[in-house]
Amino acid sequence: MPDLRALQLKAVEMRLHITRMMEVGKPHHYGGSLSAADLVTALYFYKMHYDSANPKWEDRDRFLMSKGHCVPAQYAALAMAGFLNTAELSTLKQLGTRLQGHPAMHIAPGIEGCTGSLGHGLSYANGMALAARITDRPYRVYCLLGDGETQEGQVWEAAMTASRRCLSNLLAIIDCNGLKAMDSPSCAKSVEPMAERWRAFGWQVREIDGHDMAAICAGLDWAEGNSDRPSMLIAHTVKGKGVSFMEGQAAYHNAMLTPQQMAQAVGELEAQRRALEVNRG
C-alpha cells in the first residue's frame, strides 16, 4: 500500500523545488509544472522501477514528459530521486546547463527523450513500448501529455498505433488542467468528450482527480493490471496548483515573477509542507 502522506509531502517538496529553481524576472513554465507535480511524484516515488546510480539500466521503466515545457517537474523528481544534485536545479535554463528549458536526453541523466514539440511524445513512447516487447524486456512506459497537446493530429495517429499494436505496457496520462498558454483548449479544436474519444480509439480509460494521491496510485495500479490494451488516465488538475495567485490562471503558463510573488509562492508551499508534517506526526 502507498504511504499517501509521505507522497503528499514529496509532492509539496517537488513544488518547492519547481518554484525555487525558476529565477525571478525570467519567464518560466510555472502553471503546467505545478499542476503535474502530484502525478510525477506518484510515478517516481510509488510506481516506477529505476536505478539512479545506473540511469541506463536496461530494465528501467521509461517516463516521457511529452509536454516538454513542464520538464521542471521532472528535474525536481530526478534530483529528489538521486539522478541529479539538488544544487544543480538552480541552473535551469542557464547557458551551458544540463537542465535546458525542454528535455535534452543527451546531457541530462534520467531524461528519456527530447520532447517539447507538442504531439510527438506519445509516438516516442509507442516506440519504447514496442522495443520492450521485441526484446522481451519487462519495463513499462509512461507518457505525460497536456490536454491542449491532444489537439495535435500526431497524438491521434499514435493513439491508433498503440491500440492496433495492443501496447499493454504503455500508460499515457493527460494532465487535464483546462488551460493552454492563453486560454481553454475548448477555444480551439475541442477533443471532448475526452474519455469517450480515447475509448473509441481502443484504449482502456479511467478518469481521476489528479491531485488526489490515493486516486493517482490506484490508477497506476489499475493500468499495470491491464493485459491487452494501452491505458489512459485522464487526470483532472488545476493549473498552478499549490500557489494561490497562480491557480487556474492562464497568465502563469509562462510567466515572470516579482521578488514579492516569489516570496509569497515559496511561503505558501512551505506552510503546506509544515501542515502535512504536523498532521503526519
## Note on the structure
Within segment 191-250, the count of residues that are under 16 Å from the mean Cα position of the chain (by Cα), small (Gly, Ala, Ser) and surrounded by fewer than 20 Cβ atoms within 10 Å (Cβ to Cβ) comes to 1
### Task
Identify all residues within segment 1-42 that are farther than 20 Å from Gly267 by Cβ, crowded, with 23+ Cβ neighbours inside 10 Å and among the aliphatic types (A, V, I, L, M); write none if there are none.
Ala36, Leu39, Val40, Ala42
### Task
Hey, can you tell me all the residues within segment 150-183 that are under 19 Å from the mean Cα position of the chain (by Cα), surrounded by fewer than 20 Cβ atoms within 10 Å (Cβ to Cβ) and of a type in the set (Gly, Ala, Ser)?
Gly178, Ala181
### Query
Residue check: is Glu207 in a helix (DSSP H, G or I) and not hydrophobic (A, V, I, L, M, F, W, C)?
no
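Just to be sure, is Ala108 assigned to a loop (DSSP other than H, G, I, E, B), aliphatic (A, V, I, L, M) and buried (at least 16 other Cβ atoms within 10 Å of the Cβ)? Lay out the reasoning, then the answer.
Numbers: assigned to a loop (DSSP other than H, G, I, E, B): yes; aliphatic (A, V, I, L, M): yes; buried (at least 16 other Cβ atoms within 10 Å of the Cβ): yes.
Yes: the conditions hold for Ala108.
Residue-wise test of (1) assigned to a loop (DSSP other than H, G, I, E, B); (2) free of Cβ contacts under 8 Å to residues at least 60 places away in the same chain; (3) in contact with an Asp or Glu (Cβ under 9 Å, 6 or more places away or on another chain).
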| position | (1), (2), (3) |
| --- | --- |
| Gly178 | yes, no, yes |
| Ala223 | no, yes, no |
| Ile234 | no, no, yes |
| Ala275 | no, yes, no |
### Task
State which residue is nearest to Ala53 (Cα to Cα) when the search covers only segment 76-102 and only residues that are of a type in the set (A, V, I, L, M, F, W, C) and not in a helix (DSSP H, G or I).
Phe83
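Residues in segment 130-141: is at least one in a strand (DSSP E or B) and buried (at least 24 other Cβ atoms within 10 Å of the Cβ)?
Initially, segment 130-141 is screened for residues in a strand (DSSP E or B), giving 141.
Of the ones still in play, those that are also buried (at least 24 other Cβ atoms within 10 Å of the Cβ) are 141.
So far as segment 130-141 goes, yes, one or more of its residues are in a strand (DSSP E or B) and buried (at least 24 other Cβ atoms within 10 Å of the Cβ).
Throughout, read-outs are computed from the coordinates displayed, never taken from laboratory work. On a predicted model such as this, the values are computed, not experimentally measured, just so you know. Backbone-built Cβ (ideal geometry, glycine too); neighbour counts: all protein chains shown.
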